[in-house]
Amino acid sequence: METIPSTLIDSPYLRSLLAGGVAGTTVDTSLFPLDTLKTRLQSSAGFWASGGFRGVYNGIGSAIVGSAPGAALFFVTYEGVKKQYAGPRRAGGDGDVGAGGHMLAASLGEIAACAVRVPTEVVKQRAQAGQYPTSLTALTSILQQRSTHGLVHVWRELYRGWSITVMREVPFTVIQFPLWEAMKKWALSQRGKSSRPTDVTGAESAVFGSISGAIAAGLTTPLDVLKTRLMLAKQRESVLSITTRIWRQEGSKAFFSGLGPRTMWISIGGAVFLGSYQWASNLLGGV
């Protein structure tokens with residue numbers, strides 16, 4: 001007799017919250033050194049001046065604190081919007097959302113996640129680039145500016161690069177998640193109806209996440225370079241002024257600094273992130 005797996009958590013939103021937290025923490029901690037190398041390659045100070053291959057775990061404290069809530073916020077929003085835009089349910093699965101629905105869900109998910117991700121990135125990247133020895137000292141330095149510049153200034157420092165981060169993340173997810181969902185849908189369509197599960201396995205999701213992540217990473221690298229430069233700048237600058245200066249002083253190649261580490265990091269990260277999310281989601285949902 002076939003054993004039907006039991007659902008550990010009935011609420012799809014709670015499953016998304018917990019699975020997203022697992023996925024975010026897993027990917028950010030396991031691939032942190034690659035992220036550090038990418039940040040140093042994109043720094044205006046240069047790779048070696050920013051630390052080279054030394055201290056590749058500088059700033060990991062910030063990543064650990066921000067990973068779970070940021071990823072959880074993303075997936076709760078993403079899955080919630082998908083359900084709102086889903087078409088009629090089909091036997092054995094969810095309704096057909098379509099590419100447009102996945103794009104909208106991913107975009108809104110990223111905007112929600114950036115509420116946590118941007119301050120985390122600011123603190124983390126300043127430690128990674130050698131401006132501060134740890135993420136705690138980087139955060140303390142920002143918070144101490146309240147006495148001289150006021151609370152509004154501290155808030156603006158913590159959210160420096162908000163606009164360019166959203167400008168980077170939204171195109172990235174608009175590319176990655178529809179590709180990921182399309183590959184999952186294709187994989188399920190290849191199976192016989194009698195044996196077709198409600199979702200793909202964690203391993204399959206990992207492969208599809210790796211492919212879609214690599215494509216999205218390569219196409220959005222220039223936006224990532226601008227985000228890094230904005231967050232590492234000594235003073236607040238506009239996206240236009242930094243873009244103009246890079247173009248005039250460093251040339252067009254500078255916009256693809258760190259392309260290799262970024263693509264490799266996000267390709268592996270896509271496998272870990274979406275693979276662990278699918279695994280946790282399937283486990284909690286009894287799939």
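The values are calculated or read from the model by the stated rules, or taken from the named source; none is laboratory data. All figures in this text were calculated on a predicted structure; none of them were measured in a lab. Positions of Cβ are generated from backbone atoms using ideal geometry, with glycine treated the same way; all protein chains shown enter the neighbour counts.
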For this session: With the checklist (1) part of a loop (DSSP other than H, G, I, E, B); (2) closer than 21 Å to Leu259 by Cβ; (3) polar (S, T, N, Q) in hand, flag the one item Thr36 doesn't pass.
Result: (1)
For this session: Answer with yes or no whether Val97 is of a type in the set (A, V, I, L, M, F, W, C) and farther than 26 Å from Leu226 by Cβ.
Result: yes
Problem set entry | Scan of the range 10-30 for residues that are surrounded by 21 or more Cβ atoms within 10 Å (Cβ to Cβ), touching a Gly at 6+ places or on another chain (Cβ under 7 Å) and not β-branched (Val, Ile, Thr), ordered by number | Arg15, Gly24
Exercise. Residues of the range 35-83 being in contact with a Pro (Cβ under 8 Å, 6 or more places away or on another chain), farther than 18 Å from Ala138 by Cα and not acidic (Asp, Glu), which ones?
Worked result: Leu37, Lys38, Leu41, Lys83
For this session: Check off (1) outside any helix (DSSP H, G or I); (2) modelled with pLDDT of 90 or more; (3) aliphatic (A, V, I, L, M) for Ala45 and give me the number that stays unchecked.
Result: (2)
Exercise. How many residues are at pLDDT below 90 and part of a helix (DSSP H, G or I) if we restrict to the range 238-262?
Worked result: 4
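Determine which member of the set Leu223, Leu274, Leu284 is modelled with pLDDT of 90 or more, surrounded by 17 or more Cβ atoms within 10 Å (Cβ to Cβ) and either touching a Lys or Arg at 6+ places or on another chain (Cβ under 9 Å) or in a loop (DSSP other than H, G, I, E, B) (or both).
Details: Leu274 fails: either touching a Lys or Arg at 6+ places or on another chain (Cβ under 9 Å) or in a loop (DSSP other than H, G, I, E, B) (or both); Leu284 fails: modelled with pLDDT of 90 or more.
So the residue among Leu223, Leu274, Leu284 that is modelled with pLDDT of 90 or more, surrounded by 17 or more Cβ atoms within 10 Å (Cβ to Cβ) and either touching a Lys or Arg at 6+ places or on another chain (Cβ under 9 Å) or in a loop (DSSP other than H, G, I, E, B) (or both) is Leu223.
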For this session: Filter the range 226-256 down to residues that are of a type in the set (Phe, Trp, Tyr) and within 14 Å of Gln42 (Cβ to Cβ) and give me whichever is surrounded by the fewest Cβ atoms within 10 Å (Cβ to Cβ).
Result: Phe256
